[in-house]
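First up is the structure itself, then whatever we jot down about it.
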Amino acid sequence: MEYLLHLAILFSIFGIFALSLDLIAGYTGLFSLAQAAFYGIGAYTTALLMADAGVNFFVALVLGITLAAVVAFVIGFVFSGLRGDYYILGTVGFNFIIFTVFLNWQSLTGGPLGVAGIARPELFGFSFSSSGSFFLLSLATLAVAYGVSWFIVRSSFGRVLRAIREDEEAIAAFGYHTLYFKLAIFVISAGMAACGGALLASYLSFIDPNTFGITSSIFLLSIIVLGGLGSLRGPVLGALVLILLPEALRFVGFPDDIAAELRQVLYGLLLVFLMLYRPQGFLGEFKL
Amino acid sequence: MDALQVKNLVKEFGGVRAVDGLSLSFEKGMITGVVGPNGSGKTTLTNLLTGMHPITSGTVVVGGENEHGEIRSYDVFHLGITRTFQNVRVFEQMSVMDNILVALTSRSVFASLFEKHSAFHANRAKEILERVGLWNKRHENAKNLSYGQRKLLEIGRALATKAGIVLFDEPYAGLFPEMVKLVSSIMKELRAEGKTIILIEHDMAIIRELCDHVIVMDAGKLLAEGKPEKVLADGKVIEAYLGA
């Protein structure tokens, strides 16, 4: 049971990350490979405030979201002139910068040793210390992230995002200052990712820079491509599949010394087959 | 009254003058045809008037008011100008209905976030889609439409803005005869509503049928202008444009 709850918690947290990325990649067409940086900012802010300053989780969470949103605002503005491949490369560069900061600012982040002893959330004297209660908290947060995403994509704002994805120059000719729309969704997405990052830090009770590298951003992109870009159910399904798949593969009986590598090969093959035969993913409404 | 004027407009691309000192007036409530051989600067003129290319020098006056030395694409809506594109640019992976609604709803980030399209927007979209004959396709993705239907959708999207000045960049290219009739009737209705139409077109029969005034461009410059029957019979126009 404890093992199943562990998987359910990871699914909920990665579902939040996936939804946050889908808002910018699936709905707005901005293929960001910087999402791990933003959930890293949320995770480190929460972890440091809780472990070093004894701040309550929910206060640290709000501060983590705020910091990620401010950074996203600045970076979004810098990236506003980039399109397509250049945008992707720009976000890769940003993820490297944040990863390097986490790794080398040892006096603050602990460098490669990371931050340990991060407590579980407490609210009005109730501690989410058991796996069951933490699962309910993370599931509720996923539900809120889904609700916020639903509200956004169903609004006129969401329709403009999709038009930007289709043809930014054309929608600008209809009076939309697309920079503002892109900045707004980039900030919202970063805040949502930071929220998931805070939960991850508190759940694992330990974080180090490797959790927030470029491979994590690529993994997230794989989740939403697999589940389906431009839909809300797709990223959640993608998170479910890619969290559960490695666990299912444990029972396939790969030799222990190469099991991890073979699992990576299988992920890769899955993505290759999807691109060949179902480029919109399982539930996607937008084809690359 | 002039709805739109351009004064000494110049556009250079790496030293090549695509529009070369053009001064023109477009009268309110009239259809003005813009003709000229390929590469004469017609589409560049449209792109300058809708902020898709920055102006090298010269000014644009909208509604007899301020002179604009620079037009940004997102300002065009507020200036009451809209356009269609020579190469169709509908939002392909959005429904036909959403293609229209996106031209109707709020331009503000904050307001649009808290806005779902209203019954007013839905009714207006229905009215427009019926006008361009696409109401029964409203749930289809735009990518599933035929080329001609996409052209009609673009025209519908332009109508949705309620702009007073509408630039049509070769709207008849690739249309079936029935669609040609429909587009012509829309043009006439828009003129009757007092809109200013700028029509870039190669089909001289359409220019003769619809236009009140014709401008002929060649090598980015004004070659001739006036009533269609007079201008199209002008020897230098025939030589430059028709090559005869």
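The values are calculated or read from the model by the stated rules, or taken from the named source; none is laboratory data. Bear in mind the structure is a predicted one, so any value in this text is a computation, not a measurement. All Cβ positions, glycine included, derive from the backbone under ideal geometry; neighbour counts span all protein chains shown.
At a glance:
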item: Qualifying position, being more than 25 Å from B:ARG157 (Cα to Cα), at pLDDT 90 or above and surrounded by 15 or more Cβ atoms within 10 Å (Cβ to Cβ), among B:VAL61, B:VAL19; result: B:VAL19
item: Test set (1) of a type in the set (A, V, I, L, M); (2) touching a Gly at 6+ places or on another chain (Cβ under 9 Å); (3) away from chain B (no Cβ under 12 Å) - A:VAL144 fails condition number; result: (2)
item: Residue in the stretch A:23-43 that is touching a strand residue (DSSP E or B) at 6+ places or on another chain (Cβ under 9 Å) and farther than 21 Å from A:VAL241 by Cα present; result: yes
item: Filtered residue count, the stretch A:242-288, keeping only those that are in contact (Cβ under 8 Å) with a residue 60 or more places away in the chain and at positive phi; result: 0
item: Counted residues, the stretch A:159-182 - those being in contact with a His (Cβ under 7 Å, 6 or more places away or on another chain) and more than 7 Å from chain B (Cβ to nearest Cβ); result: 0
item: Criterion violated by A:SER156 - all others in (1) small (Gly, Ala, Ser); (2) on the phi > 0 side of the Ramachandran plot; (3) touching a His at 6+ places or on another chain (Cβ under 8 Å) satisfied; result: (2)
item: Count of residues meeting criterion [hydroxyl-bearing (Ser, Thr, Tyr) and over 18 Å from A:ILE223 (Cβ atoms)] in the stretch A:248-283; result: 1
item: Output for the stretch A:79-109, where each listed residue is under 23 Å from A:ALA53 (Cα atoms) and not in a helix (DSSP H, G or I); result: A:TRP105
item: Any chance B:THR43 is part of a strand (DSSP E or B) and within 14 Å of another protein chain (Cβ to nearest Cβ); result: no
item: Qualifying residue in the stretch A:183-190 (condition: within 14 Å of chain B (Cβ to nearest Cβ), surrounded by fewer than 24 Cβ atoms within 10 Å (Cβ to Cβ) and free of Cβ contacts under 8 Å to residues at least 40 places away in the same chain); result: yes
item: Filter pass, A:GLY238 being buried (at least 19 other Cβ atoms within 10 Å of the Cβ) and in a helix (DSSP H, G or I); result: yes
item: Pair list, Cβ under 8 Å, 6 or more apart: the stretch A:1-26 residue closer than 13 Å to A:PHE219 by Cβ, other residue part of a loop (DSSP other than H, G, I, E, B); result: A:LEU21/A:SER32
